[in-house]
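In what follows, a single structure is set out as structure tokens and then discussed.
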Amino acid sequence: MSYTYDDQNIFAKILRGEIPNTTVLETEHALAFRDLYPQAPTHVLVIPKGPYVCFDHFAQEATDVEIIDYVRAVGEVCKIEGVAEDGWRLIANAGEHAVQEVPHLHVHVLAGRPLGRMLAKA
Ligand code: DGP
């Protein structure tokens, strides 16, 4: 599978400073900001700064430095948001069946209320 990155996606625009965001954390290779349409009291998106479409693209092509920075950024967001005690969920949607709306890798950090089961039973 080859990945084609569209640099006009909304998160690319956020990274270029063309669209505002509410930043929670910025690192050398990652940015974390609040979701515009929060689905839980804590709903933070964590994105790499590099042009990766989705998690599998990132896992296959990012450098070790980018991957370490990104995973540590998720951990730091958890600390900042204080989610560990009551529990939280990490979601990465990829592609059509997962209804990925923005084609720049992002994980959702969700917390602050009971989140229910991971998937509705089919
Ligand atoms: P997904 O379905 O996994 O691609 O989630 C995309 C998320 O991005 C969705 O929860 C809403 C959020 N979102 C869309 N546009 C914007 C925006 O302009 N700013 C911010 N902060 N979030 C956005």
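The values are calculated or read from the model by the stated rules, or taken from the named source; none is laboratory data. Predicted model, so just to flag it, every value in this text is computed and none were measured. No Cβ is skipped: glycine too gets one built from the backbone with ideal geometry, and neighbour counts run over all protein chains shown. Accessible surface areas use protein heavy atoms only, side chains included; no ligands, DNA or RNA. Shrake-Rupley method; radii C 1.70, N 1.55, O 1.52, S 1.80 Å.
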Virtual paramagnetic centre 7 Å along Cα→Cβ of ARG113, amide N under 11 Å, in the stretch 35-52: 38-42
19 Å Cα-Cα reach of LYS13 towards aspartates and glutamates, excluding residues that sit fewer than 8 places from it in its own chain: GLU26, GLU28, ASP35, GLU101
Under the 7 Å Cα-to-Cβ spin-label approximation, ALA59 and TYR5 lie apart by a distance in nanometres of 1.9 nm
Just to be sure I understand: if I project the alpha-carbon convex hull of the stretch 14-118 onto a plane and average over all orientations, what area do I get in nm²? 6.8 nm²
The answer for the net charge of residues other than TYR3 whose Cβ lies under 10 angstrom from its Cβ, with Lys and Arg +1 and Asp and Glu -1, is -2
In the chain, what percent of the accessible surface is made up of carbon and sulfur (1.4 Å probe, ligands and nucleic acids excluded)? 54 percent
Potential lengthening between GLU18 and GLU101 on full extension [0.36 nm per residue; Cα-Cα distance subtracted]: 28.0 nm
Compute the separation of the alpha-carbon centres of the stretch 14-52 and the stretch 69-122 and state it in Å as a whole number. 13 Å
Between VAL71 and ILE91, what is the spin-label point distance in nm, taking each point 7 Å from the Cα along the Cα→C-beta axis? 2.4 nm
Cβ-defined net charge surrounding LEU15, 12 Å radius [Lys, Arg +1; Asp, Glu -1]: 0
Order of 107-117, 17-27 by packing, highest average Cβ count within 10 Å first? 107-117, 17-27
